[in-house]
Structures are given as structure tokens and as C-alpha cells.
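Heads up, the thing below is written out as C-alpha cells.
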Amino acid sequence: MPNFGLIGKDISYSFSKTHFTAKFENDEMDYSYENFDIDDISLFPSILKKHPELLGLNVTIPYKESIISYLDDLNDIAKEIGAVNTIKIESSGKLKGYNTDYYGFEKSIQPLLKPNHKNALILGTGGASKGIAYGLKNLNIPYDFVSRSHNVIAKFTYDELTEAIIKSYQIIINCTPIGTHPNVNECPDIPYDAITSEHLLYDLIYNPIQTKFLICGEIKGAAITNGFRMLELQAEKSWDIWSMG
């Protein structure tokens, strides 16, 4: 019976189950971790009902925002971000939401930053992008969002992006699922010809290890990184939350 797990949709690719299963085995802890792949967030309560032994959950695309209405409380950072990727199930049965994405992102991008990396462009406006924005704010890096259509937080749509705009944002972060396995020939529709060695391309995707987005950046001389280190760091932070007090 699982003590921990991951809520998401189409999550067979996820690293979380492998990570935590290995952790529990290495540390000789009698816990287990399971993927809960659901087609709609409305199925979330049935998971809790079926698995009363659960102590904590991770949350991934596309439920990082919609999960909030099912929780009893949010910590201050998750409240400010407006997205949750970690849930602690307290002894009272109450559900408290946290965000560890911002931490994993912040700690993983920090060593890669150079003085010329002054502005960031965030591709996508979903739940994952909100944690990234919070991390950038902590690092004092100004940022703007790109979305498929105009919305409250997006400064640009993809079809508005020009080479001049791309050149003015030296950090470009893909927070969309575009390019995730098995759709490895897809990538966000941006003017890659404007990418230079001054750029840093960061993809939250880690399967495949090198997405088409990153390959296109590397061809143009940009520094590139995937989201694997971020995932490791946010997972460890999740464990800290579950195991405290």
C-alpha cells in the first residue's frame, strides 16, 4: 500500500516514483511510492478514500493549480505562487499544500547564471511557470511570460515573438510540456535563429534528456540544461516537508 505518490495525467515518464523508490530502498525505509494517473482532478478525493495510508503526495501537470480547491490549507509560499506540487497529509487528515518547484529551479539555475543573463522569458503560463517566476523573483531576474493566446499574465503570444525580442531575453525557460517523450520532435515555436552564445536555455522537461528545444539552443551556441537537477532538488524538499514534525 502506497504511503506517498504522484498525482498527474499521462505520468508514466515521471522520475518521482523511481527517485523515491530508490531513496526508500537505500535508506532502508519501509515506505512505497505510486503514480496516480487520473484523467480529471475530480477523481482526486477517490484516491484519498481508497488509500487512507497516504502521508504525502506530489502533484504535476496539469493539476498544480486545480488541486488547490481540494486542500484545507496552503503554506505562505504556495499561497503567493498560486500553485502546489507537494501535499502533506497531516495526522488529523487535513491536506496542506506546498510548492517546492521554485526551490528546485532556483538552486539548479544559480550555478549557471552569468553577468550577461539579465532578463528571462518564461514559455507557458500554467502551474509550473508560477514556481519558476517566484524563483526568478528571488534571484532578482526580471521576467515576462509567453502564451499561446493573450491572457492576464502573458506579455507575448508565440506569434508575436521576433528575433529582437528573443535577443533581449538572455534566459529562456520552457515550462510547457511541448517536447516531452514520446513527442520528441516537437518544440516551442520561437525564433531560434535569434539564439546566441549569450543565451541560457532551460527546459523543465527531463525525458528526453535533451529536448528539441535544447538541441536548437545548443546548435546556436547557447548554454543549455534540462530539468533533472531541479526535479531532484524539489523532490528532496518534498521529503523534508513530509518527514518534518
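The values are calculated or read from the model by the stated rules, or taken from the named source; none is laboratory data. What you are looking at is a predicted structure, and each value in this text was computed from that prediction instead of being measured. All Cβ positions, glycine included, derive from the backbone under ideal geometry; neighbour counts span all protein chains shown.
General remarks:
- Any chance residue 217 is of a type in the set (Gly, Ala, Ser), part of a loop (DSSP other than H, G, I, E, B), in the same structural domain as residue 134 (by TED's automatic domain parsing) and out of contact with any Pro (no Cβ under 9 Å at 6 or more places or on another chain): no
- Number of residues in region 229-245 that are surrounded by fewer than 16 Cβ atoms within 10 Å (Cβ to Cβ) and in contact (Cβ under 8 Å) with a residue 60 or more places away in the chain equals 0.
- Set 13, 63: member being outside any helix (DSSP H, G or I), under 19 Å from residue 102 (Cα atoms) and hydroxyl-bearing (Ser, Thr, Tyr): 63
- Candidate set from region 205-223 (those that are buried (at least 22 other Cβ atoms within 10 Å of the Cβ) and not small (Gly, Ala, Ser)); member that is modelled with the lowest pLDDT: 205
- Residue within region 165-182 that is modelled with pLDDT under 95, within 24 Å of residue 16 (Cβ to Cβ), in contact with a Leu (Cβ under 8 Å, 6 or more places away or on another chain) and surrounded by 20 or more Cβ atoms within 10 Å (Cβ to Cβ) present: no
- Residue 30 satisfies every condition listed in (1) among the charged types (D, E, K, R); (2) under 18 Å from residue 87 (Cα atoms); (3) not in a helix (DSSP H, G or I) except (2).
- Look at region 185-200: where a residue is over 17 Å from residue 119 (Cα atoms) and hydrophobic (A, V, I, L, M, F, W, C) and a partner is modelled with pLDDT of 95 or more and assigned to a loop (DSSP other than H, G, I, E, B), sitting 6+ places away or on another chain with Cβ atoms under 7 Å, you get 187/178; 187/179; 187/211.
- Members of region 91-129 found to be under 10 Å from the mean Cα position of the chain (by Cα) and in contact (Cβ under 8 Å) with a residue 60 or more places away in the chain, listed by number: 100, 101, 104, 105, 126, 127, 128
- Members of region 221-245 that are out of contact with any Leu (no Cβ under 9 Å at 6 or more places or on another chain) and outside any helix (DSSP H, G or I): 221, 244, 245
- The number of residues in region 57-90 that are among the small types (Gly, Ala, Ser) and either without any contact (Cβ under 8 Å) to a residue 12 or more places away in the chain or on the phi > 0 side of the Ramachandran plot (or both) comes to 2.
- Annotation for region 196-204: at least one member residue is under 22 Å from residue 13 (Cβ atoms), among the acidic types (Asp, Glu) and surrounded by 14 or more Cβ atoms within 10 Å (Cβ to Cβ).
- Given (1) closer than 16 Å to residue 101 by Cα; (2) over 16 Å from the mean Cα position of the chain (by Cα), index of the condition residue 173 fails: (2)
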